[in-house]
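Data block below; observations after.
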Amino acid sequence: MISIILAAGKATRMGATTQPKVCLDVGGLPFVVRAIETYKRCGIEHHIVVIGDRADEVAAAVCRYFPSTIFAYQAEQRGTGHAARCGAAVLEAFGYSGDVMIVVGDKLVTEAVVREQIELFHSSGADLCFMVGPKDSFPHSGRVVEDEDGAVLGVVEVSEIKRACLIEKLLDEGRKGALSADRIRSETIAAFSTERKASRAVPILWTLLEQRSDIGPDDLTRCFTRKETILEFERADGKRRQFRVSGLEQQTSVANLSVYMFRTDALFYGLGRLASLNAQGEEYLTDVVGILASARTDDGSPRFRVVPYNLKEPTDGLTFNTPEELEAIRECLKRKAEG
């Protein structure tokens, strides 16, 4: 097995830092270096690190400890799926056909958990085995959608749920008359945390908000359709299942934790079918889960086997997006070392 580590993002929620996010110190080592050490102890000897923002600094930090690391460059931050394709291009160039682990660079997983996931990946005959955990412990992670039998159908990012909820709310309220543009603007920014993300999530509406003081029902129906509040997945028996996106929070219990183990044919199949038709206009690696789960052979049978690995202890698979979350990881490691 070889790893592809996604470390190209800008980490805007960390604020100004003297080092790239994945190079911040955790227990005396850069975060990404500590992660690679864990993977090597689990028998994953070769690593491709996808770099982009502050690329030279990330490469220097990794090479100080692992000089034989291969790097792939993501020139534009166009999402985790695009970053994974940058890394997978290296595999294709070398003609690699073994197993692949893809993981984000700000993920810290214990050795025991990585070994358990590898074991499940092999013993289950999975084409994709991906880590999941209780959504209450990982509120910002994509929601795993399952059918009534517990089979995985796909993953929906929190930003997509927020967008669908916003659209549904606006269309419902818009039936009663015009809505204040200022109010819509503030609610949209609150949903997506920044004005930039809000404008990317609802670009047509955002243009109207800059031009009008009120947004009428006809304006809203030109911006959105009810179809945008519905997701459709294909089950293993070939039947299609629809979900109201706004109801997914009540219908899902686990979140995707962004540790994926692939057979190469499944990886290339999924990456080759990614699109960027989502709230942020990016390619989401999480979409590969649904792509593989719904893929069929010519006779209609499932083409790939998708298996979730359930993380039992949330502190065994941590990530961070803010200084406070990083400090919590440091404290967690300190407690484990002491106890």
message: If I filter segment 102-119 for residues that are buried (at least 17 other Cβ atoms within 10 Å of the Cβ), of a type in the set (A, V, I, L, M), modelled with pLDDT of 95 or more and farther than 27 Å from Cys23 by Cα, do I get at least one hit?
response: no
query: Within segment 289-310, is there a residue that is surrounded by 15 or more Cβ atoms within 10 Å (Cβ to Cβ) and either at pLDDT below 90 or in contact with a His (Cβ under 8 Å, 6 or more places away or on another chain) (or both)?
result: no
message: Looking at the structure I just gave you, is Ser124 over 15 Å from the mean Cα position of the chain (by Cα), farther than 26 Å from Thr319 by Cβ and modelled with pLDDT of 95 or more?
response: no
statement: Residues in segment 46-80 that are closer than 22 Å to Gly98 by Cβ, touching a residue at least 24 places away in the same chain (Cβ under 8 Å) and not hydroxyl-bearing (Ser, Thr, Tyr) total 9
- request: Return the only residue of Leu120, Leu108 being touching a Phe, Trp or Tyr at 6+ places or on another chain (Cβ under 6 Å), in the same structural domain as Pro30 (by TED's automatic domain parsing) and over 26 Å from Ile230 (Cβ atoms).
  value: Leu120
task: Return the total of residues in segment 195-242 being within 16 Å of Glu160 (Cβ to Cβ), surrounded by fewer than 14 Cβ atoms within 10 Å (Cβ to Cβ) and out of contact with any Phe, Trp or Tyr (no Cβ under 9 Å at 6 or more places or on another chain).
output: 4
query: Tell me, which helices (runs of 4 or more DSSP H) wholly within segment 158-272 include 2 or more residues that are farther than 24 Å from Arg78 by Cα?
result: 158-174, 181-192, 203-211, 217-223, 248-251
message: Just the residues that are in a loop (DSSP other than H, G, I, E, B), modelled with pLDDT under 95 and in contact with a strand residue (DSSP E or B) (Cβ under 6 Å, 6 or more places away or on another chain), please, taken from segment 1-48.
response: Ala8, Pro20
query: In the set Glu249, Glu234, which member is more than 24 Å from Pro302 (Cα to Cα) and at pLDDT below 90?
result: Glu249
- line: All conditions in (1) assigned to a loop (DSSP other than H, G, I, E, B); (2) surrounded by 21 or more Cβ atoms within 10 Å (Cβ to Cβ) are true of Ile51 except (1)
- prompt: Can you find a residue in segment 165-176 that is surrounded by fewer than 21 Cβ atoms within 10 Å (Cβ to Cβ), closer than 21 Å to Tyr284 by Cα and not assigned by TED's automatic domain parsing to the domain that holds Leu267?
  reply: yes
field: Qualifying positions in segment 243-267 - in contact with a strand residue (DSSP E or B) (Cβ under 9 Å, 6 or more places away or on another chain), surrounded by fewer than 20 Cβ atoms within 10 Å (Cβ to Cβ) and over 28 Å from His140 (Cβ atoms)
entry: Thr264
message: Looking only at residues that are over 21 Å from Glu282 (Cα atoms) and among the hydrophobic types (A, V, I, L, M, F, W, C) in segment 136-160, which one is surrounded by the fewest Cβ atoms within 10 Å (Cβ to Cβ)?
response: Ala151
Which numbered condition Gly272 misses (of (1) out of contact with any Cys (no Cβ under 7 Å at 6 or more places or on another chain); (2) within 23 Å of His140 (Cα to Cα); (3) not charged (D, E, K, R)): (2)
message: Need the failing condition index for Gly81 against (1) more than 28 Å from Pro314 (Cα to Cα); (2) assigned to a helix (DSSP H, G or I), just the number.
response: (1)
task: Report, by residue number, each residue of segment 122-164 that is charged (D, E, K, R) and under 19 Å from Ile102 (Cβ atoms).
output: Asp127, Glu157
message: Exactly one condition in (1) closer than 16 Å to Met131 by Cα; (2) in a helix (DSSP H, G or I) is false for Pro308; which is it?
response: (2)
- prompt: Within the set of pairs 6+ apart or on separate chains, which have a first residue in segment 127-143 that is part of a strand (DSSP E or B), a second that is surrounded by fewer than 16 Cβ atoms within 10 Å (Cβ to Cβ) and of a type in the set (Asp, Glu), and C-beta atoms under 8 Å apart?
  reply: Arg143/Glu249
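The values are calculated or read from the model by the stated rules, or taken from the named source; none is laboratory data. These numbers come from a predicted model, not from an experiment. Don't worry about glycine lacking a Cβ; one is built from the backbone with ideal geometry, like all the others, and counts go over all protein chains shown.
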